[in-house]
Protein chains: 2
Amino acid sequence: MSQVIHRRSIDFLLHEVLGYGDLAGTPRFSAFDRAAVTEILDTAQAIAENEFLPLAAEMDAQEPRFIEGRAHAHPGAKRALDACAQAGLFAAGFDPDLGGLGMPVTVTTLINGTLAAANIALANYQFLTVANANMLAAFGTDEQKALFLPPMLEGRWFGTMCLSEPQAGSSLSDIRTRAEPVEGRLHRITGSKMWISGGEHELAENIIHMVLAKRPDGPPGVKGISLFIVPKYRVGQDGTPGARNNIALAGLNHKMGQRGTTNCLLNFGEDGDCLGYLVGEPHQGLAYMFHMMNEARIIVGANSTMTGMAGYLYSLDYARTRQQGRRPQNKDATSPQVPIIQHADVRRMLLAQKAAVEGALALTCYCTLLVDRMAATPDAAERGDMHLLLELLTPMAKSWPSEHCLEANKHAIQILGGYGYTRDYPVERHYRDNRLNAIHEGAYGIHGLDLLGRKVRQQDGRALDLLVLEIGRTLDAAETQGGFGTEVADLHAALTAMGRATRAALAAPDLDRGLANATAYLDACGHTVIAWLWLRQAVTASRALAAGLGRGEAAFYSGKIAACRYFFRYELPRALHQFALVERLDDTCLSITPAEFLGN
Amino acid sequence: MSQVIHRRSIDFLLHEVLGYGDLAGTPRFSAFDRAAVTEILDTAQAIAENEFLPLAAEMDAQEPRFIEGRAHAHPGAKRALDACAQAGLFAAGFDPDLGGLGMPVTVTTLINGTLAAANIALANYQFLTVANANMLAAFGTDEQKALFLPPMLEGRWFGTMCLSEPQAGSSLSDIRTRAEPVEGRLHRITGSKMWISGGEHELAENIIHMVLAKRPDGPPGVKGISLFIVPKYRVGQDGTPGARNNIALAGLNHKMGQRGTTNCLLNFGEDGDCLGYLVGEPHQGLAYMFHMMNEARIIVGANSTMTGMAGYLYSLDYARTRQQGRRPQNKDATSPQVPIIQHADVRRMLLAQKAAVEGALALTCYCTLLVDRMAATPDAAERGDMHLLLELLTPMAKSWPSEHCLEANKHAIQILGGYGYTRDYPVERHYRDNRLNAIHEGAYGIHGLDLLGRKVRQQDGRALDLLVLEIGRTLDAAETQGGFGTEVADLHAALTAMGRATRAALAAPDLDRGLANATAYLDACGHTVIAWLWLRQAVTASRALAAGLGRGEAAFYSGKIAACRYFFRYELPRALHQFALVERLDDTCLSITPAEFLGN
């Protein structure tokens, strides 16, 4: 059994539940039929298992070191990333005219997720480079693209995102990094950037930083932020790296997890010239960054999900083999012990993991298919609707796994008991690694504000209407299929609660009050969406079972139905209660004063 | 502000809510009035802050090393533990005729909790030694007590608990360690013991292992387990350590947290004689161990709670000073940023921590007061009832904090954002440290089985009746006080649900089915009990406010009421849903087959 990925579940989602075939039927993605995708994922899985996984524990134990102003990553990292580059995994998603392979985002996200399940610290380097290059491909000039994209797509140059500063994390409005125009697109950059993953290392020939900075002529706040390409080594007209830009590694952050990824405080232009190139128009930097961020957020969610999957697979394998205790009904101490998967509570922890991980994976794939379908459709109106729906789902796709697949990792540790708490087994590392995903690319609470403060308000709430319409199709299908009466009723109840909560929040006397429970809203909407996608999976599984299937497959399908029922029975009820908090504009949290926390 | 403990909240619990004064009024504990307790806790806090806290990060980073068969703990550990011993903190809880100070368990638990909040890895050595000595004091012969207790109470010899083996963790029934009688109480011990905290180190002059082993004449299962004193260095009649027993350190476990405590695989008598002394009667070992374990479990819960408190205090302090962003209503980017405690979601995460930590602390103190009141009362019937109630509450006191104060630590990380994820701040260490508490001293699921499979069944459910009676007193007080109508109704509803769930589980067709949702039952009972103790705190606070109070104190009391309301509104509803799962004997988890998890 793979410790990285359960391919059958992915095949099920793509080809049986979510209609990947329709996408492969479009001219844009006709090269990526089921056989092609299988082959690509085989390659990614082989690299993940053979190159990434064997390094995971060691990269965690031997954190990057800061020596004489340089960051030294694990020496094995380069080989693994080279294997990744040679297999075309950096270039996979880019247009062929840019040197890419033109794969759907659905496939490239699964590639990255597969690598992340094996070794997320290593996968980050590839992910950040691709995200960076994506932004360049979308907004760079032809000259910029010609200069920077080829080496990045070949995996020779890596990329970073430089948004946060020591004093500005969630509030990008308050960044202080400056960009002084020199001539044309050339600017002189000064300032400090914090939490820069892959900000410094010797794994690539050059590092291309995408830096948010403010020009002197910009307005205050986010509307005065511009985007710049700032290479570690300046690049000549011929594309060869030349002199070093003045970018000083001021320190490495020592993290709880994802320790193999260097994470840096960088000082730009502190002690000499640091030159950068404006991307696109001045003061549009945040909009450009968000173009990339939205996809990056789905990928963060996907990687969180896949970290959950790795823990699920490991703990399931352990539970099948570890002998311990007897069922409660059996009081005979001389009878043989049973594999712990026989214990109801171990099954609960496995079902909780399965429901979280395979539910979240369905959301990831649903979102990436929206991205791909948008790219493939010639119909602008349809594309507009897909865009709205994607915007609505993105905060959930990013945040829900970061909470509930982290919880899955917690269960995996518990199943292994004392062993799970040691570094001899991977599950405690998964837990540490996954804890980051609720923090970076927008902290959890920020996504709640984004969802309830912005996304559900766009176009008079059209996005939510579209979602309800989509869910309605599944409800209809479930009623037609039969056997899901309780689930249909429960999902209807959740939708009703969601509608009431949304209307109440939007009608609140002021924004502070309306958004006071935005995080609960985010979590409850996530639960509702995951419940929907579980029902959709269960209906498909039920149909497959009704059609009659061979050995092994029947258990696969009935397992999907069991996980669906688990999710509805054990997990979905919390959404109702959270929606109720939002609906009654509960101000318990808003109204407590700072002094009341301790009383002095 | 202390980063370790909020003394005002402890004073409130002991002296205003839970009636510590009644205990101090008994002959047994008359020496420990409020002034004396304050002084003792001052001492513990000073040692925690001055000796324990400064070592915490370093002991975490510099894990014990295994060199030539010996474990080398952090060199600073000995000094801190010596300070602890010199202040009498090892001897604090023992009877004066054994050389102790006779303090109530309520106070010694707070002492240990204070040390644990500062540095749990270090506090473990003291805790295990005391727990070990407690067992000896209860069941050892006069000779054993004379030989072993004095150096342990002086903190010169340390103690361990040797229960688990590599193949037997939750299932002690299946231990294989053997004890061959030599003569009298002397036995020859052979076997391997796993997860032995403090199992080997050079911090003490001797290490006294309390070892569970099976004699050849015993029946199978737990009824054939005996308890032995097995010293690292054999002890002559005069009490001086002599030759080394054959106990080999086979390996150190490398844990996610609590890294400063050595954790060992020990081989007894593998390569020479390992001599141990029977404690009490043969085959009664597990009963003796549980005498100690019950108190140890409350202490594990207390330490989990205090680890939660340390994170709460740290993140609260951070939230009051860290400037970031603006309230949603304010769209002016040129206005100054606000301390993040102004954001509703940060307040939610602080309230969640406060509710979990101060709620759990109330449960800890309630339980330890039961222990002390049992020791102080001359009334056997009253003592019997207290014992029943304590038995019922112990699984909750151990388990509830391990889940919900871990969640509190997760929130503390989130409040610090990226900083919280780094090892430059203590909150990620708290999170790693606290993760162990759901695993050791009985894994989470085991306590669910203990509660629903045993505790609620004793004496026709009398323990639960006693609990409901106690809760009824608080409900009456809340109605008299006024202002808690919603909370009274909600707690009534939870009690009704608890009763129905309990009856249904006990009437189940078989034990496997009746216990299938024992973990949900444990969690829901814990929530109900914590809600009760919050209401009790809130009623007291409301009375204090009505009595009119000076500045500062008013915020303290209204903060308690706010936390109570938070718990009822945001947290308690989950209990209803979990009780419903138990009541309907939901078999989703029980009935899924191993093959269905993946389908092959």
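Could you order peptides A:478-491, B:166-179, A:554-567 by the average number of other Cβ atoms within 10 Å of their residues, highest first? Working shown, then result.
Details: A:478-491: 16.4, B:166-179: 19.9, A:554-567: 23.4.
Descending packing order for the listed peptides: A:554-567, B:166-179, A:478-491.
Once the label point is set 7 Å along the Cα-to-beta-carbon vector, what list of distances in nm do you get between A:GLY99 and its counterparts in the other copies?
Spacings between copies for this position, smallest first, are 7.6 nm.
At a probe size of 1.4 Å, how large is the accessible area of B:LEU369, to the nearest 10 Å²?
10
Going 7 Å from the Cα of A:ASP142 in the Cα-to-Cβ direction, what parts of region A:258-299 have a backbone nitrogen less than 17 Å from that spot?
Answer for this model: A:280.
Do any residues of region A:556-581 show a loss of at least 50 square angstrom of accessible area between the isolated chain and the full protein assembly, using a 1.4 Å probe, and if so which?
The answer is A:ARG569, A:TYR570, A:HIS577 - residues whose exposure falls by at least 50 Å² when every protein chain is included.
Among residues other than A:LEU136 whose Cβ falls under 12 Å from its Cβ, what is the net charge (Lys/Arg +1, Asp/Glu -1)?
Working: positive: A:LYS145; negative: A:ASP142, A:GLU143.
Neighbour charge sum, excluding A:LEU136 itself: -1.
Give me the number: length gained by fully extending A:ARG156 to A:ALA61, i.e. 0.36 nm times residue separation minus the C-alpha to C-alpha distance, one decimal in nm.
Working: separation 95, 0.36 × 95 = 34.20 nm, distance 2.61 nm.
Taking 0.36 nm per residue and subtracting the Cα distance, the gain is 31.6 nm.
Other chains' Cβ within 10 Å of B:422-430 residues: what's the mean? Could the numbers behind the result be given before it?
Working: counts 7, 6, 4, 0, 0, 1, 6, 1, 0.
The per-residue average across the peptide is 3.
Less than 13 Å Cβ to Cβ from B:ILE340, Lys/Arg counted +1 and Asp/Glu -1: what total charge do the surrounding residues give? Provide the component values of the computation, followed by the final result.
Values: positive: B:ARG320, B:ARG322, B:ARG326, B:ARG327, B:ARG347, B:ARG348; negative: A:ASP174, B:ASP317, B:ASP345.
Local charge sum for B:ILE340: +3.
Quick one: ranking A:TYR425, B:TYR20 by accessible area, 1.4 Å probe, largest first, what do you get?
On the way: A:TYR425 60, B:TYR20 0 Å².
Heavy-atom accessible area, descending, gives A:TYR425, B:TYR20.
Nearest 100 Å² is fine: what is the total accessible surface buried where chains A and B meet, probe 1.4 Å? Mind showing how you got there, number by number?
Working: alone 24250 and 24250 Å², together 39490 Å².
For A against B, buried area totals roughly 9000 Å².
Put A:LYS214, B:LYS398, B:LYS78 in order of accessible area, largest first, 1.4 Å probe: what do you get?
Result of the area sort, largest leading: B:LYS78, A:LYS214, B:LYS398.
So what is the calculated 222 nm ellipticity per residue for chain B, using -39500 (n - 2.57) for each DSSP H run with n of 4 or more, over all residues, to the nearest 500 deg cm²/dmol? Can you show the working numbers first?
Values: 19 runs with 319 residues, N = 600.
Counting only the DSSP helices, I get -18000 deg cm²/dmol.
If the chain between B:ARG462 and B:ASP97 were fully stretched, how many nm would it gain, using 0.36 nm times the residue separation less the Cα-Cα distance? Walk me through the intermediate numbers first.
Values: separation 365, 0.36 × 365 = 131.40 nm, distance 3.57 nm.
Result: 127.8 nm gained on full extension.
Arrange the peptides B:467-473, B:344-350, A:222-228 so that the one whose residues have, on average, the most other Cβ atoms within 10 Å appears first.
Highest to lowest by the protection proxy: B:344-350, A:222-228, B:467-473.
Tell me the accessible surface of A:HIS492 in square angstrom (1.4 angstrom probe, heavy atoms of protein chains only), to the nearest ten.
My reading of the accessible area for A:HIS492 is about 90 Å².
Tell me, what is the FRET efficiency for A:ALA36 and A:ARG176 to the nearest 0.05, using R0 = 51 angstrom and their Cβ-Cβ distance as r?
0.60
Suppose a student asked you for the relative contact order of region A:355-418, using Cα pairs under 8 Å spaced at least 6 residues apart; what percent would you report?
Once divided by the residue count of region A:355-418, the mean separation gives 45 percent.
How much accessible area per residue does the protein assembly as shown have, in Å², with a 1.4 Å probe?
Values: 39490 Å² over 1200 residues.
Per-residue accessible area for the protein assembly as shown comes out at 33 Å².
What number comes out for the charge environment of B:ALA376, summing +1 per Lys or Arg and -1 per Asp or Glu over other residues with Cβ under 15 Å away? Don't skip to the answer; put the middle values down first.
Details: positive: B:ARG28, B:ARG373, B:ARG383; negative: B:ASP22, B:ASP33, B:ASP95, B:ASP372, B:ASP379, B:GLU382, B:ASP385.
Taking every Cβ under 15 Å from that of B:ALA376, the sum is -4.
Per-residue mean of other chain beta-carbon atoms within 10 angstrom of the beta-carbon, peptide B:255-267?
On the way: counts 6, 11, 3, 1, 1, 0, 0, 0, 3, 0, 0, 0, 0.
Neighbouring Cβ atoms belonging to other protein chains average 2 per residue here.
Would you check the accessible area of A:GLU143, probe 1.4 Å, heavy atoms only, in square angstrom rounded to 10?
Accessible area, nearest 10 Å²: 110 Å².
Just how large is the dipole of the protein assembly as shown about the Cα centre, in debye to the nearest 20, putting +1 at every Lys and Arg Cβ and -1 at every Asp and Glu Cβ? Walk me through the intermediate numbers first.
Numbers: 112 positive and 128 negative charges, 98 e Å.
For the protein assembly as shown, the charge dipole is close to 480 debye.
Assume the label is 7 Å from Cα along Cα to beta carbon: what separations in nm does A:ASP379 have to the matching positions in the other copies?
Result for A:ASP379, in nm, nearest copy first: 7.9.
Hey, which residue of A has the C-beta nearest the axis mapping A onto B, and what's the distance in Å?
Residue of A nearest the axis onto B, distance in Å: A:ARG574, 3.
Among DSSP bridges having both ends in the protein assembly as shown, what percentage is antiparallel? Round to the nearest 5. If you can, show how the numbers build up before the last one.
Details: 70 of 84 bridges.
Here the antiparallel bridges make up roughly 85 percent for the protein assembly as shown.
For a label point 7 angstrom out from the Cα of B:ASP587 toward its Cβ, which stretches of region B:503-523 have the backbone nitrogen within less than 13 Å?
Of the residues in region B:503-523, B:508-517 have backbone N under 13 Å from the label point off B:ASP587.
Tell me the carbon and sulfur percent of the accessible area for region B:178-258, rounded to whole percent, probe radius 1.4 Å.
Values: 1450 of 2900 Å².
Looking at region B:178-258 in its full context, I get 50 percent from C and S.
Structure shown: which of B:LYS232/B:LYS255; A:LYS331/B:LYS398; B:LYS145/B:LYS410 lie over 32 Å apart, alpha-carbon to alpha-carbon? Numbers along the way, then the final one.
On the way: B:LYS232/B:LYS255 24 Å; A:LYS331/B:LYS398 25 Å; B:LYS145/B:LYS410 43 Å.
As for pairs spanning more than 32 Å Cα to Cα, those are B:LYS145/B:LYS410.
For a Förster distance of 35 Å, can you work out the FRET efficiency between the beta-carbons of B:THR240 and B:HIS291, rounded to the nearest 0.05? Working shown, then result.
Details: r = 29 Å, r/R0 = 0.84.
That gives a FRET efficiency of 0.75.
Rounded, prolate or oblate for region B:107-180? Axes are the square roots of the Cα gyration tensor eigenvalues, ordered a ≥ b ≥ c, and the cut-off for rounded is a/c under 1.5. Working shown, then result.
Numbers: a/c = 2.45, a/b = 1.21, b/c = 2.02.
Oblate is the answer for region B:107-180, as a/c is 1.5 or above yet b/c matches or exceeds a/b.
Would you mind checking which residues have amide H under 5 Å from B:HIS209's amide H? H placed 1.01 Å from N; only 5 or more apart, or other chain.
B:THR160, B:VAL230, B:LYS232
With each pseudo-label sitting 7 Å past Cα toward Cβ, what's the A:LEU506-A:THR377 distance in nm, one decimal?
With each label point 7 Å from Cα toward Cβ, the separation is 2.1 nm.
For region A:391-541, which whole percent of the accessible surface, found with a 1.4 angstrom probe, sits on carbon and sulfur atoms?
Working: 2100 of 4240 Å².
Reported share for carbon and sulfur atoms: 49 percent.
The values are calculated or read from the model by the stated rules, or taken from the named source; none is laboratory data. In this text the structure is predicted, and so the values were computed from the model without any measurement. Backbone-built Cβ (ideal geometry, glycine too); neighbour counts: all protein chains shown. Just so you know, the surface numbers come from the protein's heavy atoms only, side chains and all, with ligands and any DNA or RNA stripped out. Shrake-Rupley method; radii C 1.70, N 1.55, O 1.52, S 1.80 Å.
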